[in-house]
Amino acid sequence: MLDNTDAQILDELSKNSRITMKELGKKVHLTGPATSARVIKLEDNGVIEGYTIKVSQVKLGYSIHAFLTIITQSVYHHPYLSFIKTKEQFIINNYKISGDGCYLLECKFPTNQLMNHFLEELNEHANYKLSIVINK
């Protein structure tokens, strides 16, 4: 069970995972070594699974952000899963879901032409519903 200090540590790390243990300790009223020990414990217990960076896809040339609800044509999903492995440059996340479809595919594309080509190829393996992100 997490106490208030652990919750504060997680909150601060989610804002800035590059913060030093000394700086983090000041924010949660602990010493640097005590803070470090708590962070290590949170990591060891699997509460903290890892640290990431947030990358601007637009600055990398991917101006189109899309979600596709994937409806496979059969209960055999291997053709779809094999296809998306060949298109990793466009895939952000592939979630297996319940509800309206089988998967929720989050994608990025640099141009409408490349997105259209991707969708034409995808349609050989699954049907889809396309949603384009307008604003975050």
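The values are calculated or read from the model by the stated rules, or taken from the named source; none is laboratory data. Everything numeric here is computed off the predicted structure, so don't read it as measured data. Neighbour counts are summed over all protein chains in view; Cβ atoms, including those assigned to glycine, are modelled from backbone coordinates with ideal geometry. Just so you know, the surface numbers come from the protein's heavy atoms only, side chains and all, with ligands and any DNA or RNA stripped out. Shrake-Rupley method; radii C 1.70, N 1.55, O 1.52, S 1.80 Å.
At a glance:
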{"read-out": "Residue match in region 77-100 (condition: touching a helix residue (DSSP H, G or I) at 6+ places or on another chain (Cβ under 6 Å), among the small types (Gly, Ala, Ser) and open to solvent by less than 70 Å² (accessible area, probe 1.4 Å))", "value": "no"}
{"read-out": "Some residue of region 43-60 being in contact with a Leu (Cβ under 8 Å, 6 or more places away or on another chain) and not in a loop (DSSP other than H, G, I, E, B)", "value": "no"}
{"read-out": "Matching residues, region 89-136, being of a type in the set (D, E, K, R), closer than 14 Å to Thr69 by Cα and part of a loop (DSSP other than H, G, I, E, B)", "value": "Asp100"}
{"read-out": "Hits in region 67-88 - residues which are over 13 Å from Tyr128 (Cβ atoms), touching a strand residue (DSSP E or B) at 6+ places or on another chain (Cβ under 9 Å) and assigned to a helix (DSSP H, G or I)", "value": "Pro79, Leu81, Lys85"}
{"read-out": "Qualifying residue in region 58-72 (condition: at pLDDT below 95 and either in contact with a Cys (Cβ under 8 Å, 6 or more places away or on another chain) or of a type in the set (Ser, Thr, Tyr) (or both))", "value": "yes"}
